[in-house]
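This report refers to the structure that appears directly beneath it.
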Amino acid sequence: MGEEAELQVTAPEPGISAGSFDDFFRDRFAKVARTMMLVTGDFDAGEELAQEAFARTFARWDRFATLEHATNSVFAVAWNLARSRRRRDSRAKRAAGRAAAEMPPTDETARVNERMVILAALRELSRRQRACVALVDYAGMSDREVAEILGMRPPTVRVHLARGRARLREALRPGGDE
Amino acid sequence: MIERDTFVAARLSSLVDDRPVDVDERLRTLPQGPTRIRPRRLVPILTALLVAAAAIGLLVWAFTASPRREPASNRGDLIVYVTSEPPVSVPRHGFARFAGSELAVVRANGSGRRVLTHLGDRGLAAIDPAWSPDGRRIVFVAARVVGSEARLEGTLEVMNADGSGLHRLGTATTAADPAWSPDGGLIAFTQDDGAALAVIPSAGGPERVIDYRGRHGISGVTWFPGTNTIGFVEDGVFVAMIDADGAAYRRLPTGPHEGSFAWSPDGRQAVVAAGDELVVTALDLTRRRVLLRCERPCRNLGDPVWSPDGRSIVFVRQTAGRSVVEEIRPDGSGLRSLGATGWARSPRWQPSGRPPAAGPPPTPAIIPFTAPRGATKIELGRGASAAACGFGSVWVTNLPDVSVQRVDPSTNRMVATIPVRGVESMAFGGGSAWTAGINGTLSRIDPSTNAVTGTSSVGYGTESLTYGSGSLWVLQLPTSDVSDAGDLLRIDPATLRVTARITVHGYPHSVVAVGPSIWVLQDFDAIQRVDPATNGVAGASIQMQDRDTSMFAAGGSLWITSQETGDLLKIDPVTGRIVRLIPLNGEEVASGGNFAAVPGDGVIWAYGSRCCAPLPLARMWRVDPTTATARRVHPPTGGFTAAGAGSLWLAGGSAVYRFPEPSPPHSG
């Protein structure tokens, strides 16, 4: 048996200041790009998705009441772009593998190994689990914000988040008792 | 309210934080052209809309606000809460959540705010208060954060309601989340950052760790009213219960939420704050009734708790830079702010120590439900949780009353109210209607007499049932994080006895009978066939490409909906192979959050919409299960749970709503 309809219409609010986009971009682009790296498991794609998402967000700049609202929109657009890209490109898994191969070497072998392990663990998650973990635990967003971005209900976010975290913990901390 | 998982956050940061990102270059090369042409402003229109909305809001408030009641006999006058400075930003580690926290009290009428503790001088923070059942003492945690990993240390402290008589209780150094038992004799709490659940005599004495296999990430400790059963949240999602002596561990299959829940004093309901919503639910947290939705500038609703008389719920509402205590009645009325000193958390209403007032228990909360347009409303006079079609009737489950209402579609009237033993799920087959409760109770209804002809109890955690191959099949969920296995019970429909118990791994959570097979959906992303001939799983489970699915039977086939893509998959009921994929405008649906389908009279009705989107954005299709062809139709609404008698059915409030079968667009 399904859930009840939950229909609501939120009245639009006046836009944020016209000159603030560049500051907004400079302030938040890196965070969005790195979050999308985690969401996609692809370092290069993260930046490209973020840039395209910011561009599309600018086109609707007047419609955002707050910078937070605009940030959520950037993430939502980036998420949908990532999904569209995946659908178009059946080579997504190869791209993910390529990203690992392209990781720059460092002098610290152990550190590289650790990053490889983390990346591999991330890729074991479903895309939704990965997105929820990245947005909550890396980008510091609330479940409500993530729900808006991913087009889920907050309880669904929390399920994906819990399972994603559990899988990461299992993969990254085999003893489970750190 | 979700907090970051510091372990996961640290690993994610180590993976990407040193990745170079050339922000200026990206800004310089940002795509130009139409995307950088500013759209025209809509300020005048939007301002008018806001003014109108504000006026309506004032009118609604004026008509719904009512004078305060006198306090009931078992309800004290104080509310204790944690107060601190607002967090500077999203906290990266625990300290920001606790620094400077003290306990304060406010009277129920919003007056008399004062701070009770002054632990800041000692570098400690006061958190997690809980009242003794007589309302005279408060237990709380004196916390400090230590080490580079921001590990939380905490000791249990007890003081009188006026802040006097402060003393440490026990020797635990990593205590959190204390809760006083209903008889006052014990205090339950967590240890080691939620790795253990323990109890200690409230008068002092040795702590005792409650040992059970499933312990993991414990928080939100509470006591089930009037019992020795402790409720808590595992891993931030699952609600579990265990007796104080370590017996009878069980985990509710429902959830999820984020540790902010409380059972009502009469033990009949729960209140859950899940991010942006405050909802009253059935005891097992199913069947949500939204009391309050957090709209901007509100960011979160959290820490709900009932007043001792069950007539009010207090909670905190967070906006940017502010967190205050508010009160609301369980029916959604009487919302008001009690204010707060500083950034408020964890409000707890004082008991008076007197027995509960005589009289009927609090009325189960039913929020107003607006009848959708175009629907025929069939009033049932009681809570309507979900609808199902069978035996030519519509059956509406009523969770608060644990009953089923039967509606005759030919007259649009309720013809029977049938009390059952549990009503979380329903199925039809073998000449009977069947209901199951989360508590493991089964009821068999004779549709010719509307009488319950048999009941049985098969064990806690019953989530889903179906009828097929001459048997009733009941799925019991995994009861702990340690195992991913659930049990599929085969029930003899005549005796209601379990004739087979089949272990299914992979977090099974729903079961469907179709043709000669029983199929179990695992963890939203795989299906497993069970062979009734052998009473065992048949072959390996079949992984679905997408990871958010649901399933149902129609036209002799198994059907899977893919929430991620908006696809409808037709599955061979024997081999499990996909025989047809029907893309239902996937892009539009996939970018939204709601995609579902239900079988009707020889058709499947599928609908999808963006999460929380207004009705015009909904999409609906009529799918012929035989030819697997889909045709777009006008959507009457979303959220319906049943199709039959030439209609779609939606249960809500105290009624069931009937919609005519939707017609194709542009058909005149």
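The values are calculated or read from the model by the stated rules, or taken from the named source; none is laboratory data. All figures in this text were calculated on a predicted structure; none of them were measured in a lab. Note that we place each Cβ from the backbone using ideal geometry, even for glycine, and neighbour counts take in every protein chain shown.
Observations
- Condition check for residue A:140: modelled with pLDDT of 85 or more and on the phi > 0 side of the Ramachandran plot: yes
- Candidates in region B:380-411 are the residues that are over 24 Å from the mean Cα position of the chain (by Cα) and outside any strand (DSSP E or B); of these, the one that is modelled with the lowest pLDDT is B:381.
- Looking at A:61, A:79, just one residue is of a type outside the set (Lys, Arg) and either surrounded by fewer than 17 Cβ atoms within 10 Å (Cβ to Cβ) or at pLDDT 75 or above (or both), and that residue is A:79.
- Leading residue by the ranking (modelled with the lowest pLDDT) among those in region B:416-433 that are outside any loop (DSSP other than H, G, I, E, B) and under 16 Å from residue B:471 (Cα atoms): B:426
- Residue match in region B:464-472 (condition: modelled with pLDDT under 95, touching a strand residue (DSSP E or B) at 6+ places or on another chain (Cβ under 6 Å) and among the hydroxyl-bearing types (Ser, Thr, Tyr)): yes
- If only residues of region B:412-444 that are under 26 Å from the mean Cα position of the chain (by Cα) and among the hydroxyl-bearing types (Ser, Thr, Tyr) are counted, the one that is nearest to residue B:649 (Cα to Cα) is B:425.
- Residue B:295 meets each of the listed conditions (1) modelled with pLDDT under 75; (2) surrounded by 20 or more Cβ atoms within 10 Å (Cβ to Cβ); (3) within 14 Å of chain A (Cβ to nearest Cβ) apart from (2).
- Among the residues of this structure, residue B:333 counts as one that is at pLDDT 75 or above, touching a helix residue (DSSP H, G or I) at 6+ places or on another chain (Cβ under 9 Å) and over 19 Å from residue B:101 (Cβ atoms).
- Residue in region A:24-43 that is modelled with pLDDT under 75 and more than 8 Å from chain B (Cβ to nearest Cβ) present: no
- Within region B:18-27, the residues that satisfy the criterion of being at the interface with chain A (Cβ under 7 Å from one of its Cβ atoms) and either within 17 Å of residue A:42 (Cβ to Cβ) or in contact (Cβ under 8 Å) with a residue 24 or more places away in the chain (or both) are B:19, B:21, B:26.
- Region B:408-419 residues that are surrounded by fewer than 16 Cβ atoms within 10 Å (Cβ to Cβ), paired with ones that are of a type in the set (Lys, Arg) (beta carbon under 6 Å, 6 or more apart): B:415/B:406
- Selection from region B:605-643 of residues that are at pLDDT 85 or above and on the phi > 0 side of the Ramachandran plot: B:628
- When restricted to residues that are assigned to a strand (DSSP E or B) and at pLDDT 80 or above, region B:590-604 contains 4.
- In region B:539-554, the residues that are at pLDDT below 90 and of a type outside the set (S, T, N, Q): B:539, B:540, B:542, B:544, B:546, B:547, B:548, B:551
- Per the listing B:272, B:239, B:280, the residue uniquely of a type in the set (Val, Ile, Thr), crowded, with 23+ Cβ neighbours inside 10 Å and modelled with pLDDT under 75 is B:239.
- Scope region B:177-197; condition farther than 23 Å from residue B:136 by Cα, touching a residue at least 24 places away in the same chain (Cβ under 8 Å) and hydrophobic (A, V, I, L, M, F, W, C); matching residues: B:197
- Region B:594-607 residues that are within 13 Å of residue B:630 (Cα to Cα), paired with ones that are basic (Lys, Arg) (beta carbon under 7 Å, 6 or more apart): B:603/B:622; B:605/B:622; B:607/B:619
- Scanning region B:243-253 for residues that are modelled with pLDDT of 65 or more, farther than 16 Å from residue B:225 by Cβ and either part of a strand (DSSP E or B) or of a type outside the set (A, V, I, L, M, F, W, C) (or both) yields B:245, B:246, B:249, B:250.
- Pick from region A:44-70, criterion of a type in the set (Phe, Trp, Tyr) and within 8 Å of another protein chain (Cβ to nearest Cβ), ranking: farthest from residue B:19 (Cα to Cα): A:61
- Restricting region B:103-123 to residues that are modelled with pLDDT under 85 and part of a loop (DSSP other than H, G, I, E, B), the residue that is surrounded by the most Cβ atoms within 10 Å (Cβ to Cβ) is B:108.
- Pick from region A:44-53, criterion among the hydrophobic types (A, V, I, L, M, F, W, C) and in contact with a Lys or Arg (Cβ under 8 Å, 6 or more places away or on another chain), ranking: farthest from residue A:149 (Cα to Cα): A:45
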